[in-house]
Amino acid sequence: VQLQASGGGLVQAGGSLRLSCEASGRTFSSNAMGWFRQAPGKEREFVAAINWSGSSTYYADSVKGRFTITRDNAKNTVYLQMNSLKPEGTAVYYCAGKVSRRGYYTYAGAYDDWGQGTQVTVSS
C-alpha cells in the first residue's frame, strides 16, 4: 500500500493538529496502521497504533491522553489528532501500514509500508 501523510505544520505549545494518512493500492482495511515520529538527532519512536477495524488502539506513554488515532476504512485514511502539543513533540511524523488483521504493532520493524513523513513543529 502507498501512504501519503499530511497535516503537519507549525503550532504553538498547547495547540492542536490533525495528521492524515491516505492509503492507495492494497485493501486498506486489511492493514494495521501506526504513527511514528523522529526528532532531529534521535531515533524513530512509536507514537500510536490501531488495528484493522479501529476497535483497538495503543499509545506511547508520552502521548497518552493527548493524542487519538482513528481510521476511516471507507476513505482509506488513518488520522492522528494531537492536542496539548508540547515542544518535545517537534519531529517528522510518519504513518506506517502492515498487512494484518491480528492486532496492532508498536515496533517499526513490523511494518511493511511507510509514508513520506510530515513535519510538525511546536514552538514554546
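Hey, among the residues in the range 30-45 that are among the aliphatic types (A, V, I, L, M) and in contact (Cβ under 8 Å) with a residue 60 or more places away in the chain, which one's surrounded by the fewest Cβ atoms within 10 Å (Cβ to Cβ)?
ALA32
State the number of residues belonging to the range 65-79 that are open to solvent by less than 60 Å² (accessible area, probe 1.4 Å), hydrophobic (A, V, I, L, M, F, W, C) and either touching a Lys or Arg at 6+ places or on another chain (Cβ under 7 Å) or not in a strand (DSSP E or B) (or both).
1
Any chance you could count how many residues in the range 54-88 are farther than 25 Å from THR121 by Cβ, over 14 Å from the mean Cα position of the chain (by Cα) and without any contact (Cβ under 8 Å) to a residue 40 or more places away in the chain?
The qualifying residues number 2.
Let me confirm something: among ALA23, ALA91, ALA5, ALA48, which residue is without any contact (Cβ under 8 Å) to a residue 40 or more places away in the chain and either surrounded by fewer than 19 Cβ atoms within 10 Å (Cβ to Cβ) or within 17 Å of GLY115 (Cβ to Cβ) (or both)? Steps first, answer last, please.
Details: ALA23 fails: without any contact (Cβ under 8 Å) to a residue 40 or more places away in the chain; ALA91 fails: without any contact (Cβ under 8 Å) to a residue 40 or more places away in the chain; ALA5 fails: without any contact (Cβ under 8 Å) to a residue 40 or more places away in the chain.
That would be ALA48, the only listed residue that is without any contact (Cβ under 8 Å) to a residue 40 or more places away in the chain and either surrounded by fewer than 19 Cβ atoms within 10 Å (Cβ to Cβ) or within 17 Å of GLY115 (Cβ to Cβ) (or both).
The values are calculated or read from the model by the stated rules, or taken from the named source; none is laboratory data. All values derive from a computational prediction rather than experimental measurement. Note that each Cβ is placed from the backbone with ideal geometry, even for glycine, and that neighbours are counted across all protein chains shown. All accessible areas refer to the heavy atoms of the entire protein, side chains included, with ligands and DNA or RNA removed. Shrake-Rupley method; radii C 1.70, N 1.55, O 1.52, S 1.80 Å.
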